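Here the structure is laid out as structure tokens; the discussion comes afterwards.
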Amino acid sequence: METVRDGAKVLFPPPLIYLGGLALGIVAERLLNLPTLGLQPAVRELPGGILAVLGQVVSFTGAGTFRRRGTAVLPFKPASRLVTSGIYRWTRNPMYVGMALTYAGVAIFVNSLSALVLLPVVLAIIQTQVVAKEEAYLERTFGNDYATYKNEVRRWL
């Protein structure tokens, strides 16, 4: 099997996709005077904050595992090895799961219904423009090892 070292050809950094959706939702809500979640600070700040912090922990755990294993964190750089240990035993995409949790937590924290409504759109973009390209690349690069891993571990959670 020939090893493919060209990277996944992801065009936009995933954190910017999440940040763009979150910002668009919050800004649109404020500028267009759209409805909010309607939650009082006491009801939204603690759960939103916990979710955002949990998301950061999940994301950084995934990135840290990549770094310790000596492979690229950035999706447009070639992967030097398939990482299946640590948090990658439970999800194939902990960094994206973490970013989604952080996004949801921030949206709740700032009371933004519009941002939460946009989250499925952001996830669809991540799935089609990032995850699908990464999975195709990993299949080309790691062949049966990736196919086995893919069958054993869920994509998200």
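The values are calculated or read from the model by the stated rules, or taken from the named source; none is laboratory data. Remember, predicted model here, so these are calculated numbers, not experimental data. Cβ placement follows ideal geometry from the backbone for every residue including glycine, while neighbour counts extend to all protein chains displayed.
Matching residues to (1) at pLDDT below 95; (2) of a type outside the set (Gly, Ala, Ser); (3) more than 22 Å from residue 126 (Cα to Cα); (4) within 21 Å of the chain's Cα centre (by Cα):
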| site | (1), (2), (3), (4) |
| --- | --- |
| 9 | yes, yes, no, yes |
| 14 | no, yes, no, yes |
| 23 | no, no, no, yes |
| 61 | no, yes, no, yes |
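Determine whether the range 129-140 contains at least one residue that is small (Gly, Ala, Ser) and within 17 Å of residue 17 (Cα to Cα).
In the first step, residues of the range 129-140 are kept if they are small (Gly, Ala, Ser); the result is 132, 136.
Right, trim to within 17 Å of residue 17 (Cα to Cα) and you get 132.
Yes - at least one qualifying residue is present in the range 129-140.
So, in the range 1-51, exactly how many residues are part of a loop (DSSP other than H, G, I, E, B) and within 28 Å of residue 132 (Cα to Cα)?
So the first thing to find is which residues in the range 1-51 are part of a loop (DSSP other than H, G, I, E, B), and the list is 1-13, 32-40.
Of the ones still in play, those that are also within 28 Å of residue 132 (Cα to Cα) are 1-13.
Residues flagged as part of a loop (DSSP other than H, G, I, E, B) and within 28 Å of residue 132 (Cα to Cα) within the range 1-51 amount to 13.
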Check on residue 115, in contact (Cβ under 8 Å) with a residue 24 or more places away in the chain, farther than 16 Å from residue 62 by Cβ and among the aliphatic types (A, V, I, L, M): yes
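Counting only residues that are surrounded by fewer than 20 Cβ atoms within 10 Å (Cβ to Cβ) and among the acidic types (Asp, Glu), give me the helices (runs of 4 or more DSSP H) lying completely in the range 77-157 with at least 2 of them. Outline the logic, then answer.
Values: elements: 94-109, 113-126, 132-152.
Result: 132-152.
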Can residue 152 be described as charged (D, E, K, R), farther than 20 Å from residue 8 by Cβ and without any contact (Cβ under 8 Å) to a residue 24 or more places away in the chain? yes
Only one of (1) under 18 Å from residue 133 (Cβ atoms); (2) more than 17 Å from the chain's Cα centre (by Cα) fails for residue 110. Which number is that? (1)
The condition of being among the small types (Gly, Ala, Ser) and touching a Leu at 6+ places or on another chain (Cβ under 8 Å) holds, among 79, 136, 147, 124, only for 79
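Among the residues of the range 129-147, is there at least one that is under 30 Å from residue 35 (Cβ atoms) and at pLDDT 95 or above?
Here is the first cut: in the range 129-147, the residues under 30 Å from residue 35 (Cβ atoms) are 129.
Applying the additional criterion that residues be at pLDDT 95 or above yields 129.
The answer is yes; a qualifying residue exists.
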